[in-house]
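Everything on this sheet refers to the single structure shown next.
The values are calculated or read from the model by the stated rules, or taken from the named source; none is laboratory data. What you see is a predicted model, and the numbers here were worked out from it, not measured in a lab. With ideal geometry, Cβ positions are generated from the backbone for all residues, glycine too; neighbour counts draw on all protein chains shown.
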Amino acid sequence: MKKLEGAGLRGQTAGQTSLSTVEQEGSLRYLGYSIEDLAKHASFEEVAYLLLLGHLPNKGQLSDFEDELVSLRTMPNSLIPVLESIPADAHPMEVIRTIISYMGVTEPEKSFDEQLSVAKRLLGITSTAIVYWYKYSHENIKVEQNTGEKSVAGHFLKLLRQEDIEDLHKKTLDVSLTLYAEHEFNASTFTGRVCASTLSDIHSCLTAAVGSLRGPLHGGANEEAMKMLEEVNSTEEVRDYIDRKLENKEKIMGFGHAVYSVKDPRSDIIKAYSEELSKSHAKKMLHDIAAIMEEDMREKKNLFPNTDFFMAPAYHYIKIPTKLFTPLFAIARIVGWSAHVFEQRENNRIIRPSAEYIGPADREWEDIESR
Ligand SMILES: CC(C)(COP(=O)(O)OP(=O)(O)OC[C@H]1O[C@@H](n2cnc3c(N)ncnc32)[C@H](O)[C@@H]1OP(=O)(O)O)[C@@H](O)C(=O)NCCC(=O)NCCS
C-alpha cells in the first residue's frame, strides 16, 4: 500500500478546542497558562479544576473541589469483587479500562447534565481502584480505602506504599499529573472525541480513550523507557546500547514526538525532579544513564526526550512499580479527556472523515461457480 501523503493526519486541523495549545517549537498551554507556570505554582487539583470548569479556582472553590474529590474516592461495594477477580498478570491498563467501564454500568451517566459529576467521580475513584487491585493481586492485601490524604498524588502513594510519604515524593507525582493532564488532539483524546461526537455516554468515551492510550507509541512509552533504562548496567554502556538499538531499527522509547519538533516542554520539568530525587537515592545511576541517553540521542538522531522519558526514573525513585506508570498517565488524563468530551458535546457534529480509495477499479460481478 503506498504511503499516504500526510499519513496519521499529521499537521491537519481536525477540529477546534479552547483547552490547550501545543506548539511545534516546544510550548504547551492549558487555557492560556504555560505548562511551566502550572507545574511550578498549581497543584494537580487546581489544574483539574481549570480544565473541567474553565477558570482557576479561588481558595474556597479549590478547597471545596478537593473535599469533593476526597468524598468520591470510595468504591461502590460491587466493584470490589470485580477487582479481586482480575489476575496479577493482567495489564494494568486493562484494569483501568475495566474500572471506568464498570462505573458506567453501576453509576451510569443518565443525562449530559451529570457529565461534570461523573468526571469528578472517575477522577476520585480510579486511584483507589487501581491500587486496590494491585495490592490485592500482587501482595494479597486488601487496602483500607481512606488514607486521610487530601491530594490525588498523596492518596495514590499512601495507598500503594502504606507509609507516610515524603513531601518531595508527593510533589513529584503531583507535578507529573499536571504534565499528563491534557494535550490537545493526541490519539486518545481524539478517540474520546470521536466517541463523544456520536452522543455516547462519557464512560464509553473514556473507555475508548484508555484503549488508545494503552499502546506503546502513546501512553505505554513511560513503562518501555523504564525497561530500557534497566537494561543498561553502567553509564559507560549507554552509547553502545543506543547504537545497537538504532542499528536494529528499534525505536528508543520516550524519544520523539508527533507535534513537537525541537523539544517537549514537559521533559525538562520532570527531569529536574528526577535529578533531585536521584541525589539521595542508591540508584542515582539510573538518572545519569537517562541523561547520557538524552545527549546521545540528540547527537545521533537529533531527537529529544518526550514527557515519558524522565518520568520513568522519577516514578521509579518514588517507588511506583513500573506496571503502574501508564495507569497514572490515564488517571491524570481523565481530566483532559472529560474536558474534551464536554467541549465536543457543546458544539457537536458527528466526526466522520472520508478515505482516499486505493482499491481495485469498478469490476463486473462474477458468479461463485465461475470464479
Ligand atoms: C512519538 C512518535 C510515535 C512520533 O511518531 P511520528 O511523528 O510518526 O514520527 P516518525 O515515527 O515518523 O519519526 C520520524 C523519524 O524519526 C525516527 N524516530 C522517531 N522517533 C524515534 C525514536 N523514539 N527512536 C528512534 N527513531 C525514532 C523514525 O524512525 C523516523 O525515521 P525515518 O524517517 O528514517 O523512518 C515516535 O517518535 C515514537 O514512536 N517514539 C517512541 C514512542 C514514544 O516515546 N511515544 C510517546 C509519545 S509522547
Q: Using the structure shown, decide if PRO87 is within 22 Å of PHE65 (Cα to Cα), modelled with pLDDT of 95 or more and surrounded by fewer than 16 Cβ atoms within 10 Å (Cβ to Cβ).
A: no
Q. Residue check, GLY254 against (1) in contact with a strand residue (DSSP E or B) (Cβ under 7 Å, 6 or more places away or on another chain); (2) more than 8 Å from the ligand (Cβ to nearest atom), all met but one. Which one?
A. (2)
Q | Members of segment 120-157 that are among the small types (Gly, Ala, Ser) and buried (at least 18 other Cβ atoms within 10 Å of the Cβ) | A | GLY124, SER127, ALA129, SER137, SER151, ALA153, GLY154
Q) Which of (1) of a type in the set (Ser, Thr, Tyr); (2) within 25 Å of ARG214 (Cα to Cα); (3) surrounded by fewer than 14 Cβ atoms within 10 Å (Cβ to Cβ) does THR98 not meet, given it meets every other one? A) (3)
Q) What residue, of MET285, MET297, is in contact with a strand residue (DSSP E or B) (Cβ under 8 Å, 6 or more places away or on another chain) and either among the charged types (D, E, K, R) or not assigned by TED's automatic domain parsing to the domain that holds ALA181 (or both)? A) MET297
Q. Does segment 291-308 contain at least one residue that is surrounded by 10 or more Cβ atoms within 10 Å (Cβ to Cβ), β-branched (Val, Ile, Thr), without any contact (Cβ under 8 Å) to a residue 60 or more places away in the chain and touching a helix residue (DSSP H, G or I) at 6+ places or on another chain (Cβ under 7 Å)?
A. yes
Q: Could you list, in sequence order, all residues of segment 292-327 that are more than 17 Å from the chain's Cα centre (by Cα), under 20 Å from VAL175 (Cα atoms) and not charged (D, E, K, R)?
A: TYR317, ILE318
Q) Within segment 293-302, is even one residue within 14 Å of the ligand (Cβ to nearest atom), within 30 Å of ALA196 (Cβ to Cβ) and modelled with pLDDT of 95 or more? A) no
Q) Within the bounds of segment 225-236, is there any residue that is among the basic types (Lys, Arg) and buried (at least 23 other Cβ atoms within 10 Å of the Cβ)? A) no
(Q) Being more than 30 Å from ILE358 (Cα to Cα) and either in contact (Cβ under 8 Å) with a residue 40 or more places away in the chain or more than 16 Å from the ligand (Cβ to nearest atom) (or both) is the requirement here; does THR13 meet it? (A) no
Q.
When you check SER71 against the structure, is it under 19 Å from PHE329 (Cα atoms), hydroxyl-bearing (Ser, Thr, Tyr) and either in the same structural domain as TRP337 (by TED's automatic domain parsing) or more than 20 Å from the chain's Cα centre (by Cα) (or both), yes or no?
A. no
Q: Determine, yes or no, whether ILE331 is of a type in the set (Val, Ile, Thr) and either part of a helix (DSSP H, G or I) or in the same structural domain as LYS245 (by TED's automatic domain parsing) (or both).
A: yes
Q) Scanning for something touching a residue at least 40 places away in the same chain (Cβ under 8 Å), in a loop (DSSP other than H, G, I, E, B) and exposed (fewer than 10 other Cβ atoms within 10 Å of the Cβ), does segment 357-364 turn up at least one residue? A) yes
**Q.** Scan of segment 257-290 for residues that are surrounded by fewer than 16 Cβ atoms within 10 Å (Cβ to Cβ), without any contact (Cβ under 8 Å) to a residue 60 or more places away in the chain and of a type in the set (S, T, N, Q), ordered by number
**A.** SER280
(Q) Taking the condition of being in contact with a helix residue (DSSP H, G or I) (Cβ under 6 Å, 6 or more places away or on another chain), near the ligand (Cβ under 9 Å from one of its atoms) and outside any helix (DSSP H, G or I), how many residues in segment 224-251 meet it? (A) 0
**Q.** Matching residues in segment 207-223 - criterion: being assigned to a helix (DSSP H, G or I), within 13 Å of the ligand (Cβ to nearest atom) and in contact (Cβ under 8 Å) with a residue 40 or more places away in the chain
**A.** LEU213, ALA221, ASN222, GLU223
Q.
Take the conditions surrounded by fewer than 19 Cβ atoms within 10 Å (Cβ to Cβ), of a type in the set (Gly, Ala, Ser) and in contact (Cβ under 8 Å) with a residue 24 or more places away in the chain and apply them to SER117. Does it pass?
A. no
